[in-house]
Structures are given as C-alpha cells and as structure tokens.
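Student: Input: one structure, supplied below.
The values are calculated or read from the model by the stated rules, or taken from the named source; none is laboratory data. Keep in mind that what you see is a predicted model, and the values were worked out from it rather than measured. Cβ sites come from the backbone with ideal geometry, for glycine too, and all protein chains shown count toward neighbours.
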Amino acid sequence: MSTLVAGLILFLGVHSVRIFAEPWRVRTIARIGENRWKGVYSLISIAAFVLLVWGYGQARQQGVVLFEPPVFMRHMTSLLMLVSFVLLAAAKVPGNHIKARLGHPMIIGVKVWAFAHLLANGRLSDVVLFGAFLVWAIADFIAARKRDRVAGTVYPPGDELRTVLTVVAGVVAWAVFVAGLHLWLIGVAPFA
C-alpha cells in the first residue's frame, strides 16, 4: 500500500501545481522555459504513474475488502464510464458544445471515472486510488473555474457537427475499452 500512496502523492502532487502553486509555476516557466518545464513535468508524471500502477497492483493482491458492492453497480459503472469517455473526447475535439458549456470536460471526466469506480470496487486499494483521484479532480475543477473567472475566460461556442463527432468518438473509445482493452490492461472484464 505504501508504494501506491507514494505514487499517488507524486502523481497527484505534480498535477496539483496549478491548484496550489500557480504563481510559482508561472515564475518557473518564465525562468526555465515552457519546453523544459513540460519535459520535467512529463518525466516526473511518467515515473509517478509507473509507481502508482505498480503500487496499485501490489495493493490489489493484499485484497483488504472494505465492502462488497452489489453486482448491478458494475453496470452503473459501465454507464458512467460511457459519460466519462464522452467528456474526455470533448476535451480533445475542438469546437464542441460540451467543452463550450463545461469548460473543463477532462477534469469532470476524471471525477466521473473515479466516482464510478468507487461504486463498483470495495477493496481498500480501490478506495484509496479512486478516492484520491476524486478528491483531486474536485479540487482541480474548483481551481480551474476560479482561474477562468479571474482571467475572464470565455469558451468559444460549439457546433452540432463537432459535438456529434465528440459523442461518437467517446462512444467508440468506450466500446473498444469494454470490449477487451480494459481486460487486457487492467485484468478485469467490465461486464463479467
């Protein structure tokens, strides 16, 4: 469990710089340059992600069960994951109504992902992993909306075609994931 917690602290810590240290981030980028910042940020993120995944794999083997969710929660999780995939697609497809309306669909997608997985998983390792991501995503969304208000950010309006493409991309990605990619990557079949 300690490896998982260390991975979470490092991964979410790096991803929390804009939440807790935006002035320091801006000064550092000005001092070392944006490309160097992105390089260091990426290297730390990758190392932290590897540590997090490895720690989660170890913690899952310990199998400390806090609660046993009912089977129907797996189906609820799969449905919520469909929403999450559409939100993630909305963050990447420019000019869609979803991004125009929500501003930060990727962060909301992470919140939905974390909440959905908390519904279907009752082991201590799951609660630590998904609970930490949920708390982080809530804090990040609040900070992002505050930055938007301070900067007067207005997201450009979306159009129908790009919104349809966004939804289709999210549904296709979700279908690929539940059809086999989740089992291959995570070792769990969502509909089993």
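Student: Can you spot a residue in segment 75-87 that is surrounded by fewer than 18 Cβ atoms within 10 Å (Cβ to Cβ) and farther than 20 Å from residue 177 by Cα?
Tutor: Checked segment 75-87: no residue is surrounded by fewer than 18 Cβ atoms within 10 Å (Cβ to Cβ) and farther than 20 Å from residue 177 by Cα.
Student: Among the residues of segment 139-192, which ones are small (Gly, Ala, Ser) and closer than 20 Å to residue 107 by Cβ? Before you say what the answer is, go through the steps one by one.
Tutor: Initial filter on segment 139-192 (small (Gly, Ala, Ser)): 139, 143-144, 151-152, 158, 169-170, 173, 175, 179-180, 187, 189, 192.
Selection gives 139, 143, 144, 151, 152, 158, 169, 170, 173.
Student: From the residues in segment 124-162 that are of a type in the set (Gly, Ala, Ser) and not in a helix (DSSP H, G or I), which one is farthest from residue 69 (Cα to Cα)? Step through it out loud before you land on a result.
Tutor: As a first pass, look at segment 124-162 and keep what is of a type in the set (Gly, Ala, Ser): 125, 131-132, 137, 139, 143-144, 151-152, 158.
Filter once more, so that each one left must be not in a helix (DSSP H, G or I): 152, 158.
Details: 152: 43, 158: 39 Å.
My answer is 152.
Student: Could you count how many residues in segment 163-191 are in contact with a helix residue (DSSP H, G or I) (Cβ under 8 Å, 6 or more places away or on another chain) and either free of Cβ contacts under 8 Å to residues at least 24 places away in the same chain or in a helix (DSSP H, G or I) (or both)?
Tutor: In the first step, residues of segment 163-191 are kept if they are in contact with a helix residue (DSSP H, G or I) (Cβ under 8 Å, 6 or more places away or on another chain); the result is 163, 166-167, 169-171, 173-174, 177-178, 188-191.
When the remaining residues are screened for being either free of Cβ contacts under 8 Å to residues at least 24 places away in the same chain or in a helix (DSSP H, G or I) (or both), the result is 163, 166-167, 169-171, 173-174, 177-178, 188-189.
Of the residues in segment 163-191, 12 are in contact with a helix residue (DSSP H, G or I) (Cβ under 8 Å, 6 or more places away or on another chain) and either free of Cβ contacts under 8 Å to residues at least 24 places away in the same chain or in a helix (DSSP H, G or I) (or both).
Student: Here's another thing I want to ask about it. So, in segment 23-57, of the ones that are surrounded by 14 or more Cβ atoms within 10 Å (Cβ to Cβ) and over 20 Å from the mean Cα position of the chain (by Cα), which residue ends up nearest to residue 145 (Cα to Cα)?
Tutor: Filtering segment 23-57 for residues that are surrounded by 14 or more Cβ atoms within 10 Å (Cβ to Cβ) and over 20 Å from the mean Cα position of the chain (by Cα), the one nearest to residue 145 (Cα to Cα) comes out as 25.
Student: Residue by residue through segment 143-170, note down the ones that are under 15 Å from the mean Cα position of the chain (by Cα) and hydrophobic (A, V, I, L, M, F, W, C).
Tutor: Looking only at segment 143-170, we keep the residues that are under 15 Å from the mean Cα position of the chain (by Cα), and these are 144, 170.
Scanning segment 143-170 gives a single hit, 144.
Student: When you look at residue 16, is it surrounded by 13 or more Cβ atoms within 10 Å (Cβ to Cβ) and touching a residue at least 40 places away in the same chain (Cβ under 8 Å), yes or no? It would help to see each step written out before you state the result.
Tutor: On the way: surrounded by 13 or more Cβ atoms within 10 Å (Cβ to Cβ): yes; touching a residue at least 40 places away in the same chain (Cβ under 8 Å): yes.
Criteria met by residue 16.
Student: Let me ask something else about it. Among the residues of segment 128-142, write down those that are of a type in the set (A, V, I, L, M), in contact (Cβ under 8 Å) with a residue 60 or more places away in the chain and crowded, with 17+ Cβ neighbours inside 10 Å.
Tutor: 128, 129, 132, listed by residue number.
Student: Restricting attention to segment 107-118, and to residues there that are surrounded by 20 or more Cβ atoms within 10 Å (Cβ to Cβ) and aliphatic (A, V, I, L, M), which single residue is farthest from residue 77 (Cα to Cα)?
Tutor: 107
Student: Look through 121, 96 and report the one residue that is buried (at least 18 other Cβ atoms within 10 Å of the Cβ), at pLDDT below 95 and touching a Leu at 6+ places or on another chain (Cβ under 9 Å). Spell out the reasoning first.
Tutor: Numbers: 96 fails: at pLDDT below 95.
The unique qualifying residue is 121.
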